[in-house]
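Nothing in this text is a laboratory measurement; each read-out follows from the coordinates by a stated rule. Nothing here was measured: the structure is a model prediction, and the numbers come from that model. Note that each Cβ is placed from the backbone with ideal geometry, even for glycine, and that neighbours are counted across all protein chains shown.
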Amino acid sequence: MNELSFSDILTIGIAMLKAVVILLATIVGAGLLTWLERRVLGIWQNRYGPNRVGPFGILQFGADMLKLFFKEDWTPPFADVLTFWLAPVIGMSALLIAIAIVPITPNWMIASLDIDILLFLAMGGLSVYAILFAGWSSNSKYALLGGLRSAAQTVSYEVFMGISLMGIVMLAGSFNMYTIVEAQKNGWYIIPQFFGFIVFLFGGIAVAHRSPFDLPEAEQELAAGFHTEYAGMKWAMFFVGEYVGVTLVSGLMTALFFGGWHEPALVGVDLWPEFIPVYPFIWFALKTFIFILLFILVRAALPRPRYDQIMDAGWKFLLPLSLINMLVTAAIILQQSSTGGV
Amino acid sequence: MTTILWRILAGTGSQFRSMWLIFLHTFHLRSTVQYPEETVYVPPRYRGRIVLTRDPDGQERCVACNLCAVSCPVGCISLQKTEDADGRWYPEFFRINFSRCIFCGMCEEACPTMAIQLTPDFEMADYNRQSLVYEKEHLLIAGVGKYPDYNFYRLSGVSITGKSKGTALNETLPVDVRGLLP
């Protein structure tokens, strides 16, 4: 048994510190996203959005947070207490754990596992339990209907979302996010995996339970859907979980399809001049931000389909599309490797 | 097959088109009025804060007939009639509970002497509910409001000190019931 040297402890400490910084940044970012979303939605609806508290209204999220902290933490007497309390914890923590695999810069990522993508799929699958538990334990019809829809939606999107990523895994030859991002140094995967990206976009929106796939919530029909009976900090945890999901899926789309921290080099042509240094974090943050805006734009623009329509699109269109994409990618890789003189 | 493909393409295209159209709203004009800094245009007939007006002589127009209180759908007006030495009727107190008032304007329509009027002032929010109960001294204004020339006691047949029966504007003297002439 080796003894821990001082430098080992320092390395471990720095790694833990980085993890904590990323975690806190994600949660604060989720808080800021609540403000950003309302501002941007306002802009797209010809109004201003919250612009009173602080410069550009940026302190609105602090005001909201204070309000939520001081709200009564109410558990309805008819609820199933244990699952009722468990649901928001799962909802927030499952997606926060999945944040660990997002490669932000070459030196800043919490975990670089050999099963990165599988971990994301697993955590995405686990986060659905939050909605199912919340819908069931609330013991109210709106919440139950929300949970029911979530279950129906889950079985349709999880399959094709997993398959849509297999093309990338085949191209990079690894489930590891760092390897995948490094493999895109000379060309982003959006070009060879365009259909994979389309399918993953649908699946990602559904994982984050964002409009137009926010059927479990569906304010117009189901009051607030699965979290109708929640208030105060438990509700806030669902809310933070939703925005963490948005950040997570945006970060993953950046890393998987748009070259992560690499500068734009779409078709192998070096667009970036040599003498300007590359700032990995700026590229990653910029791309992720654009995807977050895309999420908000989708919410501002598109109506919500019925859940049989979502299942229809999932099983009859997106699943065949992802399967064809996977098979064609595999065939091309096979053909190239055989002509490559193996 | 081609119809299915066409439907998929057209459907996808229309989604992207609506996203693009919504995105273009970034460059549109905001329709919000930033209220405390920018003032809102309020039309002259806007039904806001209720006032009691005076006639051109500077006397109270209200004759305490209670029609406003009766017509009020939420019952927020209460008043008590009294009479002064000249024979003019006027309210001893006149009270409007603005925390109940719905600004429907029924009182203004019911008022036979144009005394009670609604004005285009809506900035009367208060932290204290009790201070939304307006008494007569809060309601009564110095001016004539919307009808500058109207003077009830100079037009009606009611006799007060300095104006006996038959001397009002456009009024003939009372018929002498004992006279034999037609």
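To the nearest 20 debye, what charge dipole does chain A have about its Cα centre, counting +1 at the Cβ of each Lys and Arg and -1 at the Cβ of each Asp and Glu? Display every interim value, and only then the final one.
Values: 17 positive and 22 negative charges, 165 e Å.
My answer is approximately 800 debye.
Within 10 Å of each Cβ in peptide A:311-320, how many partner chain Cβ atoms are there on average? Round it to a whole number, please.
Counting Cβ atoms of other protein chains within 10 Å of each residue's Cβ and averaging gives 1.
Can you sort A:PHE289, A:PHE6 so the residue with the fewest Cβ neighbours within 10 Å comes first? Could the numbers behind the result be given before it?
Numbers: A:PHE289 14, A:PHE6 7.
In order of increasing Cβ crowding within 10 Å: A:PHE6, A:PHE289.
Expressed in nm to one decimal, what extension gain is obtained for the pair B:THR3 and B:VAL158 from 0.36 nm per residue of sequence separation less their Cα-Cα distance?
Extra length available between B:THR3 and B:VAL158 comes to 47.2 nm.
Taking chain A as the reference, fit the longest principal axis to its C-alpha atoms, fit the long axis of helix A:60-69 to the helix C-alpha atoms, and give the angle between the two in degrees, 0 to 90, nearest 10.
60 degrees
For a footprinting-style exposure proxy, rank A:SER137, A:SER164 by other Cβ within 10 Å, fewest first.
Arranged by neighbour count, lowest to highest, A:SER137, A:SER164 become A:SER137, A:SER164.
May I ask which of B:LYS81/B:LYS163; A:LYS18/A:LYS287; A:LYS141/A:LYS316; A:LYS67/B:LYS136; A:LYS18/A:LYS185 have a Cα-Cα span longer than 32 Å here? Please list the in-between numbers first.
Numbers: B:LYS81/B:LYS163 21 Å; A:LYS18/A:LYS287 21 Å; A:LYS141/A:LYS316 30 Å; A:LYS67/B:LYS136 41 Å; A:LYS18/A:LYS185 25 Å.
Too far apart for the 32 Å limit: A:LYS67/B:LYS136.
Work out from phi, with θ = phi - 60° and the Karplus expression 6.51 cos²θ - 1.76 cosθ + 1.60, the ³J(HN,Hα) of each residue of the stretch A:23-34, listed in order in whole Hz, and give x for Gly and Pro.
Values, residue by residue: 4, 5, 4, 5, 5, 5, x, 5, x, 5, 5, 4 Hz.
With label points built 7 Å along Cα→Cβ from the Cα atoms of B:GLU92 and A:LEU82, find their separation and express it in nm.
7.2 nm
With a 10 Å radius around each residue's Cβ, average the other Cβ atoms per peptide and rank B:13-20, A:106-113, A:213-220, B:54-61, highest first.
On the way: B:13-20: 12.5, A:106-113: 15.4, A:213-220: 20.2, B:54-61: 17.1.
Result, highest mean first: A:213-220, B:54-61, A:106-113, B:13-20.
Per residue of A:39-47, count partner chain C-beta atoms within 10 Å of its C-beta, then hand back the mean as an integer.
For peptide A:39-47, the averaged partner shielding equals 4.
Can you give the mean number of other chain Cβ atoms that lie within 10 Å of the Cβ atoms in peptide B:28-37?
3
Could you line up A:TRP235, B:TRP6 from fewest to most neighbouring Cβ atoms inside 10 Å?
Details: A:TRP235 20, B:TRP6 10.
Ordered by Cβ neighbours within 10 Å, fewest first: B:TRP6, A:TRP235.
Sort the stretch A:26-148 into rounded, prolate or oblate with this rule: let a ≥ b ≥ c be the square roots of the eigenvalues of the Cα gyration tensor; rounded if a/c is under 1.5, and if a/c is not under 1.5, prolate when a/b is larger than b/c, oblate otherwise.
On the way: a/c = 1.99, a/b = 1.05, b/c = 1.89.
Cα axes put the stretch A:26-148 in the oblate bin.
Tell me the angle of helix B:2-24 to the major Cα principal axis of chain B, expressed in degrees between 0 and 90 and rounded to the nearest ten.
With rounding to tens, the tilt is 50 degrees.
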